[in-house]
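Visitor: The following block contains the structure, expressed as structure tokens.
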Amino acid sequence: MAKKQTAFSIPMQLKADLADFMGKSKASRTEIRKKIWDYGKKHGLVEGRDLTPDDTLEPIIGPDTITMFELSSCIESNIVKDRKSTRLNSSHT
């Protein structure tokens, strides 16, 4: 049986800067968060729960240091808003 899709696991259409970073046009929020955080750790941008952007991340998260909790709102602002892609399948109740 397949895992139930949640809002975090559904592949979403990405805006240009995030799509360039991810290397693809669609990704789930969970996948995006993991790739950004892993990139930050690999490049020494993470200190505790804070992420300081470099030139690669700045177009996605802005110029200021953010916390891991603020990363979600940065991701949301880089996802194309489309009713069809954000609605969960609720046909089985």
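Visitor: If we keep just the residues of the stretch 18-47 that are closer than 10 Å to Ile79 by Cα, at pLDDT 95 or above and part of a helix (DSSP H, G or I), which is least open to solvent (accessible area, probe 1.4 Å)?
Guide: Among those residues, the one meeting the criterion is Leu18.
Visitor: Determine the pairs where a residue that is free of Cβ contacts under 8 Å to residues at least 40 places away in the same chain and over 14 Å from Ile61 (Cα atoms), located within the stretch 5-21, has a partner that is in a loop (DSSP other than H, G, I, E, B) and open to solvent by 60 Å² or more (accessible area, probe 1.4 Å) with Cβ atoms under 8 Å apart, the partner being 6 or more residues away or on another chain.
Guide: If the second residue must be in a loop (DSSP other than H, G, I, E, B) and open to solvent by 60 Å² or more (accessible area, probe 1.4 Å), the pairs left are Ser9/Lys3.
The values are calculated or read from the model by the stated rules, or taken from the named source; none is laboratory data. Because the structure is a prediction, the values reported are computed rather than measured. Cβ atoms come from the backbone with ideal geometry, glycine included; neighbour counts cover every protein chain shown. To get the accessible areas, we keep the full protein, side chains included, count just its heavy atoms, and leave off ligands, DNA and RNA. Shrake-Rupley method; radii C 1.70, N 1.55, O 1.52, S 1.80 Å.
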